[in-house]
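The values are calculated or read from the model by the stated rules, or taken from the named source; none is laboratory data. Just so we're clear, the structure is a prediction, and the values are computed from it rather than from any experiment. Here the Cβ is made from the backbone with ideal geometry for all residues, glycine too, and neighbour counts use every protein chain on show. Side chains included, ligands, DNA and RNA excluded: accessible areas come from the protein's heavy atoms. Shrake-Rupley method; radii C 1.70, N 1.55, O 1.52, S 1.80 Å.
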Amino acid sequence: MSSGGEPQRGGWSRRRFVGALGAAAAVTTVPAPAPPSGADPAATGSGPSTPPRRTAPAAPASPVRPAGPRPLFLGTYTSVAGGGSGIGLATYDASTGRIQGAGAITGAGDPSYLAVHPDGRTLYAVNERQDGGVTAVRVATNKVLGTRSTGGAGPCHLSVHPGGRWLLSANYVSGNVAVHPIEASGALGERSDLVTHSSPAPGPGQQGPHAHQFITSPDGGHVLAVDLGTDTVYTYRLDTSKGTLTEVSQAHTRPGAGPRHLTFHPRGRFAYLANEVDNTVVVCAYDQATGRLTPGDPQSTGTGAGTSYPAQILVTSDGSYAYLANRGHNSLTRYAVEADGARLRLLDTVPVGGDFPRQIAFSPDERLLFAANQKSGTVSVFHVDRAGGGLRSAGEPFASPVAVCALPL
């Protein structure tokens, strides 16, 4: 299964609690600062070689951002010992990477994964529970706008379609993906579609499908669902007027690979797939016209023998470097991206400075990389060298109960 780091024993208990129990023992409890005045606690709704130095690329295009501390939202589990009280609130210094806590948004149960609307006004969180849900939060006021059912169990990932009208979510335990309409206010409407991954049959050691991620291709023409249980990436067309899904192709990894997370190269012709169970990454060719994904040969994560449970892979916006979080090895692997995205070259691994890095994210300008360490209950921050892709620790990790997601804005 996905996040516990040991053989599957009935998906739900393994995903939710193995990592979380380790965090409960390891996390240092610190008093949270008082929530900001906008918070609404009463709201309900539920490496081999170093590459040659490169000329620093131009900064990625992004909105002009005011000086001063930047918002940081933190995902956690609220229903385990040592967990958080809701979506964690913090700020970070874009120059130093230093994080300051600012309380929590209550009213969202087990908000383990977070995403923001393209317009930046609304935050979305999964409610990773047996009766799964997705919650919308107004960023300016931290007010919970409400929760909608995903129609499945254990949602663990969500993303917003680039058009801003549809929310895509993946239910891990029940092995299905859901679509919700997004209203003009940012609130969510009732689910418009739910598709269960009924074929192929589950892979070795799996008892059923386990949808782990649901994203849109860079060209916007297709949406792709990564399923760890069936060793398959499903490609769908999304009807953007109705919010319904039509399957158009399937890409199969080798049996037992356990695909978890897919990231596209910015040019859109290749994607990189992190396989949790067999401890590999795969470069996949992508056909924009048909949506077909074609996986290549498995490659090393640089973590040695055994299973290191790769979690998430990121690619810089200029397409030069990729980074992989390894939970068992407690490290970040760095790759050089070559041949216009067709090849990954392993460079090195860097200690993450925490235990069980569940998720990683860039700051909007990609000068910082954040790693949410579930078992140690911390968030590590690294400076990213824009010329060589190297990572340098920004200081002591920030204490955050059962940190499973960090979303810097």
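Rolling a 1.4 Å probe over the protein heavy atoms gives segment 214-296 an accessible area of 33 Å² per residue. For segment 270-332, place one equal point scatterer on every Cα, skip the solvent, and apply the Debye formula. What is log10 of I(q)/I(0) at q = 0.28, 0.29 Å⁻¹? Result of the Debye calculation: -1.18, -1.22.
When the accessible area of segment 176-282 is split by element with a 1.4 Å probe, what percent falls to carbon and sulfur? Working shown, then result.
Details: 1790 of 3600 Å².
Its accessible area is 50 percent carbon and sulfur atoms.
Sorted on the mean count of surrounding Cβ atoms within 10 Å across their residues, most packed first, peptides 354-364, 340-350, 289-299, 368-378 read 368-378, 354-364, 340-350, 289-299.
What does the net charge come to around GLY186 if you take all other residues with beta carbon closer than 10 Å to its beta carbon, with K and R at +1 and D and E at -1? Present the calculation step by step, with values, prior to reporting the outcome.
Values: positive: ARG121, ARG138; negative: ASP119, GLU183.
Overall, the nearby charge balance is 0.
Eigenvalues of the alpha-carbon gyration tensor of segment 204-337, scaled by 5 and square-rooted, set the equivalent ellipsoid semi-axes at 24, 18, 11 angstrom, largest first.
Overall, the ratio between the Cα radius of gyration of segment 80-231 and 2.2 N^0.38 Å, rounded to two decimals, is 1.08.
Considering all C-alpha pairs of segment 131-217, those separated by over 19 Å amount to 39%. Between the residues VAL404, ALA371, GLN359, the greatest Cα displacement towards the positive end of the dipole of segment 278-409, with unit charges on the Cβ of Lys, Arg, Asp and Glu, is found for VAL404.
Radius of gyration over Kirkwood radius for segment 252-297, both on Cα atoms: the Rg/Rh ratio is 0.97.
So how many Å³ per residue does the convex hull of the Cα atoms of segment 269-409 work out to?
Details: hull volume 15.8 nm³, N = 141.
It is 112 Å³ per residue.
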